[in-house]
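S.K.: Okay, handing you the structure first.
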Amino acid sequence: GESVGLHLPTLSVQEGDNSIINCAYSNSASDYFIWYKQESGKGPQFIIDIRSNMDKRQGQRVTVLLNKTVKHLSLQIAATQPGDSAVYFCAEKELGGSEKLVFGKGMKLTVNP
Amino acid sequence: EPEVTQTPSHQVTQMGQEVILRCVPISNHLYFYWYRQILGQKVEFLVSFYNNEISEKSEIFDDQFSVERPDGSNFTLKIRSTKLEDSAMYFCASSEGLAGGVFFGPGTRLTVL
């Protein structure tokens with residue numbers, strides 16, 4: 001995808017393993033967070049979101065954890081599949097403040113069969 | 001499942017020319033956005049649009065750029081007098097409200113020669 005660059009962090013896992021992708025966000029006032037998946041040549045695809053009044057939220061095969069104390073967000077993918085290979089971004093927003101999403105740099109996940 | 005669509009998928013233009021990028025947001029969404037991603041860099045916010053007017057714009061979104069919702073379905077980004085550094089992926093996005101998920105289109109790759 002367009003986000004792949006020379007300095008993009010990379011995580012390589014075996015099919016069936018669990019993956020954990022981490023994100024440190026910058027604005028302590030951010031209170032809404034989204035994880036996106038971006039495959040090569042495609043737009044960011046919404047995976048899961050979480051508000052700051054929660055510290056954990058689960059979806060289908062994915063779990064997002066939020067630690068506001070250290071401004072850290074993680075995305076856990078259970079039983080990773082080759083189709084999960086993509087670049088993953090976290091994005092933050094300050095509800096009631098700016099309307100924009102602020103994106104992190106992204107991490108490239110490669111799933112080996 | 002409803003999705004954001006964008007046309008064209010790839011636009012090549014000469015420096016100094018004007019381009020119009022088109023988007024059809026998700027039909028019941030009220031907030032519309034343009035973001036861009038220069039190759040190898042983060043996704044960055046350009047502008048948000050609500051109730052037929054710009055509600056927020058970034059410092060990137062100068063007089064060279066304009067947005068319009070010409071009818072009930074289309075949302076366009078016009079870039080006047082394109083420059084080489086305008087080459088990027090341009091993503092349209094929409095959301096139902098400010099506090100919910102933001103859904104992105106597949107993007108238009110703009111190449112300025």
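S.K.: Would you confirm, using the coordinates I've provided, whether residue A:109 is in contact (Cβ under 8 Å) with a residue 24 or more places away in the chain, touching a Ser or Thr at 6+ places or on another chain (Cβ under 8 Å) and in a strand (DSSP E or B)?
M.R.: Yes.
S.K.: In segment A:65-98, how many are out of contact with any Phe, Trp or Tyr (no Cβ under 7 Å at 6 or more places or on another chain), charged (D, E, K, R) and within 12 Å of chain B (Cβ to nearest Cβ)?
M.R.: Looking only at that region, the number is 1.
S.K.: Now, a different point. So, residue B:46, is that one surrounded by fewer than 19 Cβ atoms within 10 Å (Cβ to Cβ) and either over 23 Å from residue A:97 (Cα atoms) or touching a residue at least 24 places away in the same chain (Cβ under 8 Å) (or both) or not?
M.R.: No, not satisfied.
S.K.: Which residues, counting only those in segment B:1-19, are within 14 Å of chain A (Cβ to nearest Cβ), under 25 Å from residue B:31 (Cβ atoms) and in a strand (DSSP E or B)?
M.R.: Matches in segment B:1-19: B:5, B:6, B:7.
S.K.: Determine the pairs where a residue that is within 17 Å of residue B:9 (Cα to Cα) and touching a residue at least 60 places away in the same chain (Cβ under 8 Å), located within segment A:37-65, has a partner that is surrounded by 16 or more Cβ atoms within 10 Å (Cβ to Cβ) and small (Gly, Ala, Ser) with Cβ atoms under 9 Å apart, the partner being 6 or more residues away or on another chain.
M.R.: Hits for this filter: A:38/A:1; A:38/A:3; A:38/A:86; A:38/A:106.
S.K.: Looking at (1) open to solvent by 60 Å² or more (accessible area, probe 1.4 Å); (2) farther than 21 Å from residue A:39 by Cα, which is the only condition residue B:60 fails?
M.R.: Condition not satisfied by residue B:60: (1).
S.K.: Looking at B:100, B:40, which one is more than 24 Å from residue A:8 (Cα to Cα) and either open to solvent by less than 70 Å² (accessible area, probe 1.4 Å) or outside any loop (DSSP other than H, G, I, E, B) (or both)?
M.R.: B:100
S.K.: While we're on this one: Out of everything in segment B:21-37 that is more than 9 Å from the chain's Cα centre (by Cα) and more than 8 Å from chain A (Cβ to nearest Cβ), what residue ends up being surrounded by the most Cβ atoms within 10 Å (Cβ to Cβ)? Even if it seems obvious, please write down each step before you answer.
M.R.: Of the residues in segment B:21-37, the ones more than 9 Å from the chain's Cα centre (by Cα) are B:24-31, B:37.
Keeping just the survivors that are more than 8 Å from chain A (Cβ to nearest Cβ) gives B:24-30.
Working: B:24: 16, B:25: 26, B:26: 18, B:27: 9, B:28: 8, B:29: 19, B:30: 14.
Filtering segment B:21-37 for residues that are more than 9 Å from the chain's Cα centre (by Cα) and more than 8 Å from chain A (Cβ to nearest Cβ), the one surrounded by the most Cβ atoms within 10 Å (Cβ to Cβ) comes out as B:25.
S.K.: Suppose we filter segment B:77-97 for residues that are surrounded by fewer than 16 Cβ atoms within 10 Å (Cβ to Cβ), assigned to a strand (DSSP E or B) and touching a Leu at 6+ places or on another chain (Cβ under 7 Å); how many remain?
M.R.: Start the filter on segment B:77-97 by keeping residues that are surrounded by fewer than 16 Cβ atoms within 10 Å (Cβ to Cβ), which leaves B:78, B:80-81, B:83-85, B:96-97.
Still in the running and assigned to a strand (DSSP E or B): B:78.
Restricting the remaining residues to those that are touching a Leu at 6+ places or on another chain (Cβ under 7 Å) gives none.
So the count comes out to 0.
S.K.: Looking only at segment A:15-61, which residues are away from chain B (no Cβ under 13 Å), open to solvent by 20 Å² or more (accessible area, probe 1.4 Å) and of a type outside the set (Gly, Ala, Ser)?
M.R.: Passing the criteria: A:15, A:17, A:18, A:20, A:22, A:27, A:54, A:55, A:56, A:58, A:60, A:61.
S.K.: Test each condition in (1) within 10 Å of the chain's Cα centre (by Cα); (2) within 28 Å of residue B:48 (Cα to Cα); (3) at pLDDT 95 or above for residue A:76 and report the one that comes out false.
M.R.: Evaluating residue A:76 over (1) within 10 Å of the chain's Cα centre (by Cα); (2) within 28 Å of residue B:48 (Cα to Cα); (3) at pLDDT 95 or above leaves (2) as the failure.
The values are calculated or read from the model by the stated rules, or taken from the named source; none is laboratory data. Keep in mind that what you see is a predicted model, and the values were worked out from it rather than measured. Glycine also receives a Cβ, built like all others from the backbone with ideal geometry; neighbour counts cover every protein chain displayed. Please note that ligands, DNA and RNA were not included when accessible areas were found on the heavy atoms of the full protein model with its side chains. Shrake-Rupley method; radii C 1.70, N 1.55, O 1.52, S 1.80 Å.
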